[in-house]
Each structure stands twice: as structure tokens, then as C-alpha cells.
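Nothing in this text is a laboratory measurement; each read-out follows from the coordinates by a stated rule. These numbers were taken from a predicted model, which means no experiment stands behind them. Cβ atoms come from the backbone with ideal geometry, glycine included; neighbour counts cover every protein chain shown.
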Amino acid sequence: MIIMKFGGTLMGSASAIERSASLVAAEVRRGTSVVVAVSAMVGVTDSLLALASQAEQGDIAYANDAVTQLRIRHLSTIETLGGAPNSDTAREVRELCESLRQTVAGVALLKELSRRSRDLIVSFGERLSAPLMALALENLGVRAHHLSGGGAGLLTDGQFGNARPLPEAYPRLRERLGGLLGAGLTPVVAGFIGETTQGVTTTLGRGGTDYTATIIGAALSAAEVWTWKDVDGVMSADPRLVEGARNLAQLSYAEVMELAYFGAKVLHPLAVTPLQQSGIPLRVKGAADPDHPGTLIVAEPQIDPAHPVKAVTAIRNLAVLTVGGAGLVGVPDAFGQIFQVLAREEINVHMISQGNSQATLSLVVSQPDARRAAEVLKRDLGNSGYPRELHLQENVAVVAVVGEGMRGSRGVAARLFGAVAQANVNLLMIAQGSSELNISFAIENRDVEAAVRAAHAAFELGAQLRPA
Ligand SMILES: Nc1ncnc2c1ncn2[C@@H]1O[C@H](COP(=O)(O)OP(=O)(O)O)[C@@H](O)[C@H]1O
Ligand SMILES: N[C@@H](CC(=O)OP(=O)(O)O)C(=O)O
């Protein structure tokens, strides 16, 4: 059995959906059981987030207009897929849009958007796309049945916007999806969304359909989980940034987590976690070339000692906040307090670096959180009796090089920073993960391309890999 995930681009139009469905049908015809997880049509999640925040401002006209656009887009896709206006699929899409309109009207009326309401609104993207995939599969003679995340059994905790699966999700997914497969049906699960035990809709975080697929893969003990992409697998760098980026044959679970954490948009950072215990492989495959093996992600991939670094990645729009002052020295609790304040404000810290002795601590946070982070630190630490200085540098990016082979390998840092210096890039901060799986450094946003290209070239990442 295989789980197949299709992201927004591969669900983006009637022809894209037909092509994705044909990849499922080919496998089903070979006698493989397949469970499908789909994302919202490309752009839909962003539109839903935008209309939710407009509704919160009370702009009901904007929100209604946006719902109408979504309705037209999905209904016209159904029409192109050959679905009649009075088909079950079209009826379901109209009902979902009506229910979305009512939810949004409630938000506009109250001018209040909780994380919980936002999750409900954003869940409509996947709930609208799953019926379209089921229709396309039926058109190809594959008997399909679509479900929402909660309907499939994906129970989560109540961390709206960032929910995690509960242990009970696994047996429930096994029972519900296993039942459908046993009846000869191909389940199509709306990705990215789950449900609390009280039946409240949650989401798994941006890019969460990868995670849905691997949770299902673990629940059903799948042979492999395949996430189909518009690239032929995980590449040595974002191909939009580095022309010579090449596809990687194998990566470890840990490497892929680091890459995703440090900004490689290709997978959700937690996507591999459900697979780690059972060792189920995750394969990232390119829809344009289905015979290409793509990237195989396993616990222990082959290591090429000549190439300790496998990939380079970047996150933009960050800021460095440096907290310092001699008074930090010898205050045992100082760092603890800093992190507590930020955690309470739900400000995520991407990277940290400690200066000489304990005199300074540099923290990388998202640009939109940066000023608030500085303010709350000033406000909440101001009373605790030790002097400090706060310095904020905005418009920062973090670049990371990742590879298991770096562990114990000498000269990696020298090679990296030599190349970055040659490219005339100024370093703001450096950190090495304690796992020795990555080296990351902060630079100004405007230097990202130069730094990524320099690192890519320094480790010959374009040449080490098998030809595509
Ligand atoms: N290291 C990388 N390898 C592959 N793709 C990457 C990498 N870094 C960034 N990307 C970008 O990620 C995109 C795929 O992610 P995304 O569009 O979110 O996929 P999907 O919507 O199918 O889940 C690619 O088109 C590519 O531009
Ligand atoms: N639709 C969600 C979930 C997702 O996984 O999307 P995609 O596979 O298109 O990145 C999002 O945009 O975050």
C-alpha cells in the first residue's frame, strides 16, 4: 500500500487534477492499494486567510466577493472535469461555499477572529478540493471516496494553526481508511486538517498535507509515502535560487527535517516524524517525470564521505535581536527568563548564539515578530534588576548547509565561510546545531542569493549527485 500526496500546484486546475488522478489510477491498476491526500487548489489557502482577516476588520463585501470567486473556481473546475451542475460533487461544493459564507459572516459581525475560527475557515480549501480529486478518479474508473481529515480519523490536540496528531488518531485512521480500502475504494483525504476529540476543526500548519500523508502512512503501515511535487525530488538548493541545483537521490529523516526547518519549502518540517519509528520510506517524486525515482528519505541513507554537505537552504524575513550588557553575566536565570517571555508571547526563536561568557545572547526571530519581541523583553525584563542592552537588526536571512557527513568532518566551516567571504557577504551571526548536522549563519536579506550560490558552489553540490 502506498500513500500519495498532491500539493496545491498539482491540484491547481482541472488539467492538473486529471494528471494527478492519472498517477493514482496507474498505481491502482497495477494492483496497489492507494490512499490519496490532497491540498487545496493553489492560492486558495492564502485567499481564505486574506478573507478571514478582512472579515475580522468587518469588510464583509470583500469577504463575500472572495467566497464567490472560490465558488466559481471550484464549480468551473468541476464542469471542466465533466461533472454536471446537478452532480453530487457540484452540490457539495455549493453547500460548502454556503457554509463558508455563513462562518465568515459570523466573523464579520463579531469583528473577532480566534485561532479556532481561522482554522475552520482555512479548512474549506482542502474540503473543497478533495471532492474534485474523487471526481477525477471516478472519471478514470477508480472507485473513490473523499473524507475530511476528521472524517478519516485524524484526531489532533487543540493547538489551532499548529495541531499535532493524538495517539488515538492512528487506530482510528487504520479502522476508517482500512475499511474503505477493504471495500475496494480509494480514499481521498482532505490534507492539512484534523479534528479534536470534541469534533472541532484544526489545521496542522502551513504545508501540512505532507504531514497528513505521513500520519496516514504510519497508521496504515504503508510500504512507502509518496509526495508528488512540481520538482523531481528534494534538490541541493531551491531551484528558483540556484540554477545548477540537482536532485538528491537519498536523504535521512534528520537531514530532511533540518532542510525543512531552515526554509526548504519542499516538505513540512514535521512530515517525517510519524515515519521515524517504523522506518517507512518517504519518497518525494516529480509529477512531470513519474518514472524518475525522486528522492528517497530513510533512516540511514548512503553517505558519500567526499561530500559531507548535501544541500543549502535559506529563510528570509527574519531579524536578529541581541540581548546584552555586563549584568547578564552571572545571573543564572537570565537566559531562562528571556525564553520564557518570548514563549509566553508565542514568539518563535529560529536560531540562537551566545556571545563570549554570558555577556550577550543573539536570537533570530521572524521579522513580523521582531519589534514586539524587543518590546516585551524590555517591558518584562526591565524590572528584574540587571542592566541590559537590546539591539535589533532587521531584514535578516538565515542560510544553512545540511548533511549527516558533516559530523566529525574537518574543514567544513572553513570551506563554507571562506566561500561566503569571497562572495563579499557580511556575517551577522553563526551557529552550529549540536547534532553537527547543520551549520547556519545570519546575513542581510539582500545577500541571500550570493551566499546560497557561494555555498552551493563551495561544496560542489551541483556535481556530486547522479544526473537527473
Ligand atoms: N531544496 C529544495 N528542493 C526542492 N524544492 C525546493 C527546495 N527548496 C525550495 N523548493 C521549492 O519548493 C517547491 C515545492 O514545494 P511546494 O510548492 O510547497 O509543494 P507542494 O505544494 O506540492 O507541497 C518547489 O517548486 C521549489 O521551488
Ligand atoms: N493548503 C495548505 C496545506 C498544504 O500542504 O499546501 P501545499 O501542499 O500546497 O503546500 C497550505 O497552503 O499550507
query: Once amide H atoms are built 1.01 Å from N in the peptide plane, which residues 5 or more positions from ALA249, or in another chain, come under 5 Å H to H?
result: ARG466
field: Selection of chymotrypsin sites (Phe, Trp or Tyr not before Pro), the range 199-241, meeting DSSP coil and at most 15 other Cβ within 10 Å
entry: none
- request: Only loop residues by DSSP count here, and only those with at most 15 other Cβ atoms within 10 Å; note down the trypsin sites (Lys or Arg not before Pro) in the range 389-421 that meet that.
  value: ARG407, ARG410
- request: Return a whole-number percent for the relative contact order of the range 311-458, with Cα pairs under 8 Å and 6 or more residues apart as the contact set.
  value: 31
- prompt: Which angle from 0 to 90°, rounded to the nearest 10, does the C-alpha axis of helix 448-458 make with the longest principal axis of the chain?
  reply: 80
query: Just in the range 24-116: which trypsin sites (Lys or Arg not before Pro) are loop by DSSP and have at most 11 other Cβ atoms within 10 Å?
result: ARG30, LYS111
- line: If the label point sits 7 Å along Cα→Cβ of GLN159, residues of the range 333-368 with amide N under 15 Å come out as 343-350
- request: Equivalent ellipsoid semi-axes for the chain, as square roots of 5 times the alpha carbon gyration tensor eigenvalues: give them largest first, rounded to whole Å.
  value: 39, 29, 20
field: Rounded to 5, the percent of DSSP beta bridges in the chain classed as antiparallel
entry: 60
query: Using a simple spin-label model with points 7 Å from Cα along the Cα→Cβ vector, what separation in nm is obtained for GLU300 and LYS111?
result: 6.2
query: Any number yet on Rg/Rh for the range 311-458, C-alpha, Kirkwood?
result: 1.00
field: Cβ-based net charge around TYR253, under 14 Å, with every Lys or Arg adding one and every Asp or Glu removing one
entry: -4
query: Taking the Cα atoms only, what angle lies between the long axis of helix 169-182 and the longest principal axis of the chain, rounded to 10 degrees?
result: 30
task: Would you work out the relative contact order for the chain, in percent, from Cα pairs under 8 angstrom that are 6 or more residues apart?
output: 13
field: Where only alpha carbons of the range 383-450 are counted, the Rg and the Dmax (Å)
entry: 15.1, 46
query: Where does helix 412-422 land angle-wise versus the long Cα axis of the chain, in degrees 0 to 90, nearest 10?
result: 80
